[in-house]
Amino acid sequence: MASRRGRTYCYFQQQSMKILGINISHHGSSCLLENNEIKFFLEDERVSRVKGYCVSENDSAWDAGYLPIYFLEAVLKYTNHVDYIIFSSFEREEENPRQSDDVIIDEYLERLKEGGVTWGDVVYQSENHHIYHAATGFYGSGLDNAVALVMDGGGGLYKDEDVIEDITGGYDYFRELESIYSCDYTNGIVKEWQHYGFNGSSPESVTIIGSEDHFIYEEGNDVISNTLSCGPLFNRMSYLLGFTDGGDAGKVMGMASYCKNSSTNSGWWDEIDWYTDDDIRTTTTELGDYLGQDNPFPFKRKSVDKEDFFLKCRVARRLQDETLEHTLTLIERAVEITGSSNVILSGGYSANCMNNYRYLQELHPGIKLYVDPIPNDAGTALGAARWLYYKLTKSHVKNPLTTLYLS
């Protein structure tokens, strides 16, 4: 038996097991598995026509008291009963009901019930956000075993409030930023190392850590610091370069391509170290001090001046180079920790296709990379369903992705 927020399962192989995975984070999505066969995978934005659709932010219908379920028709095409519904999210615990995972989940279930769908059990494990990213990549790869590196803007919350109070004096919370998991069909997805940071919820509110606030705390295989990992760093820098947030990271990558080499000094961003070289790499206090300024760059965010554009391109290239070096360090750490040379990359930062190509040039040729083709939060609907399927059945049968035409 599986239960919402629970950890107890009955491990058996049903004659026909249907699992509905639903991601209620940004890039809302859904997936129906039947005996590990993907019946459909749907990103809500394809129906809502809202890029990066997030149920807590985008629907005027929610304001009117009715939340549309964009995937209802797709479910009913195959079945009106599922054995399990599993939800994924980045873990929201807000006073505003629209920002509460529990409220959103209850709303989804009510709409599904009204639409004629019934189910057995509901599963929601808020701390599993990065695990679902890893599961999407690993179970889609076709590999027997691997190590997964997950990097994004922020996943599940660090839970030990006493530790948080001791080391920070009362910061609100820390989220998963960088995670390493060993993956195989016997043990499943097992955490090996995890780095938590305080990232904020928007590019304007990304916490910028200056010299006076820097810290690193280690406990077992958990690390807590106030670094700007690649996800929050892209979030902040995308905004400063004139875009919205990390959702426009692709535009920043495009700008970087206009600058072939970032080694020529053009400003403070070329003159300082962005990351430390110690065992646990964090962004430097100098970077935090500069990015914490109201106007850290000698151009306006929305400037269309030609010289400003090429200066922005130099900043974008530096951002690409620094996050490349940081990610290479984490990949090497993942291989060292697990001994596996099969590396899965997932999480939003893994959509950095330009740097993904550069890894192949920089890493040892014995390291094999598999990049999750749905690395943003949309993929966690599939990852959650796959994770639950293998958790319940203990199956060792692989069913890798062979196409992205899933709906």
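Some observations on this one:
- Any chance S350 is closer than 23 Å to Y258 by Cα, in contact (Cβ under 8 Å) with a residue 40 or more places away in the chain and buried (at least 19 other Cβ atoms within 10 Å of the Cβ): yes
- T323, sole failed condition from (1) crowded, with 20+ Cβ neighbours inside 10 Å; (2) β-branched (V, I, T); (3) in contact with a strand residue (DSSP E or B) (Cβ under 8 Å, 6 or more places away or on another chain): (3)
- None of K77, K51, K39, K113 is of a type outside the set (D, E), at pLDDT below 95 and out of contact with any Cys (no Cβ under 6 Å at 6 or more places or on another chain) except K51.
- Here the range 285-307 is the region considered, the condition is being more than 27 Å from the chain's Cα centre (by Cα) and among the polar types (S, T, N, Q), and the residue that is surrounded by the most Cβ atoms within 10 Å (Cβ to Cβ) is S303.
- Qualifying residue in the range 119-128 (condition: assigned to a loop (DSSP other than H, G, I, E, B) and either more than 17 Å from the chain's Cα centre (by Cα) or of a type in the set (S, T, Y) (or both)): no
- Looking only at the range 145-160, and only at residues there that are in contact (Cβ under 8 Å) with a residue 60 or more places away in the chain and part of a loop (DSSP other than H, G, I, E, B), the one that is nearest to N352 (Cα to Cα): D152
- Matching residues, the range 379-397, being out of contact with any Ser or Thr (no Cβ under 9 Å at 6 or more places or on another chain) and hydroxyl-bearing (S, T, Y): Y390, T393, S395
The values are calculated or read from the model by the stated rules, or taken from the named source; none is laboratory data. These figures come from a predicted structure and were not determined experimentally. Every residue, glycine among them, receives a Cβ derived from its backbone with ideal geometry; neighbour counts consider all protein chains shown.
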